[in-house]
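Chemist: Sharing a structure, written as structure tokens. Questions coming.
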Amino acid sequence: MKYLLIVLAVAFAMPSMAEEDAPKRMTSAEKKAALLEKYDINKDGKLDSEEKAKMKEDLKKQREEERAKRHASRRAD
């Protein structure tokens with residue numbers, strides 16, 4: 001019986017410990033602000049067509065790199 005209580009206590013504690021260790025997720029507004037700060041070269045508060053093109057290119061590269069990592073890890077398994 002003691003063993004069962006210990007197992008249940010640990011099982012209920014696990015999710016709360018995982019939340020503490022998990023990195024904070026950015027909100028949509030925080031993501032937009034970060035992208036604007038990074039890509040707004042002329043600092044006018046909005047992205048022009050060249051800035052948007054650079055952002056799209058960088059985001060596409062990032063997605064491709066993440067996809068390649070996932071694919072490589074699947075092959076390793």
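Values quoted throughout were computed directly from the atomic coordinates according to the rules given, and no laboratory measurement underlies them. All values derive from a computational prediction rather than experimental measurement. Reconstructed Cβ throughout: ideal geometry from the backbone, glycine too, with neighbour counts over all protein chains shown.
Chemist: I want to make sure I understand the PRE zone here: with the label point 7 angstrom from the Cα of ASP58 toward its beta carbon, which residues in the range 24-43 have backbone N atoms less than 19 Å away?
Modeler: Only 26-43 pass the distance filter.
Chemist: Turning to a different aspect of this structure: Quick one: if you stick a label point 7 Å off each Cα along the C-beta vector at LYS69 and ILE6, how many nm between them?
Modeler: Inter-label distance under the simple model: 3.8 nm.
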